[in-house]
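Here's the structure, in structure tokens; my notes come after.
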Amino acid sequence: MELPKFLMGDNTDCSNDIFVIHTEFPRFIINLIDDEIEWLEDFEGADREELELEVAALIDQASEFYDREMKRYEEE
């Protein structure tokens, strides 16, 4: 199965949160309400340094994905 790069996540226990799941390396779940990230990978030394350089771009991409999806829902 081929997954899209981003998925939206929802849970009624966290009704005020907006979750976006990044399915490619480095995999993570971000809550767009407070930008809290839960990493689904284990990182070591050099990986962590590289990851820190990518984080801002990944957060921007997740936010853009969410905005695009919401616009598409409104158009339906």
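Using a simple charge model, +1 on the beta-carbon of Lys and Arg, -1 on the beta-carbon of Asp and Glu, nothing else, what dipole does segment 25-76 show about its Cα centre, in debye to the nearest 20?
In debye, rounded to 20, segment 25-76 gives about 200.
As a test of reading the structure, rank 30, 21 by solvent-accessible area (1.4 Å probe, protein chains only), most first.
21, 30
Using a probe radius of 1.4 Å on heavy atoms only, what accessible surface per residue do you get for the chain? Whole Å² is fine.
77 Å²
Roll a 1.4 angstrom probe over the protein heavy atoms and tell me the percent of accessible area of the chain that is carbon or sulfur.
45 percent
Put +1 on the Cβ of every Lys and Arg and -1 on every Asp and Glu Cβ in the chain; which of 7, 19, 56 then has its Cα farthest towards the positive end of the dipole?
7
For residue 28, list long-range residues whose amide hydrogen, built 1.01 Å from N in the peptide plane, is under 5 Å from its own amide hydrogen.
Residues meeting the criterion, in which the H sits 1.01 Å from N, are 22, 40.
Go through the chain and name the trypsin sites (Lys or Arg not before Pro) that are in a DSSP coil and have 16 or fewer other Cβ atoms within 10 Å of their Cβ.
Values: sites: 5, 27, 48, 68, 71, 72; in loops: 5, 27.
Qualifying residues, ordered by number: 5, 27.
DSSP loop GluC sites (Glu not before Pro) in segment 1-75 with at most 12 other Cβ atoms within 10 Å of their Cβ, which ones?
2, 24, 41, 44
The values are calculated or read from the model by the stated rules, or taken from the named source; none is laboratory data. Bear in mind the structure is a predicted one, so any value in this text is a computation, not a measurement. For neighbour counting, all protein chains shown are included, and Cβ atoms are generated from backbone atoms with ideal geometry for every residue, glycine included. Ligands, DNA and RNA are stripped out before the accessible areas are found, and what is left, the full protein with its side chains, is counted by its heavy atoms. Shrake-Rupley method; radii C 1.70, N 1.55, O 1.52, S 1.80 Å.
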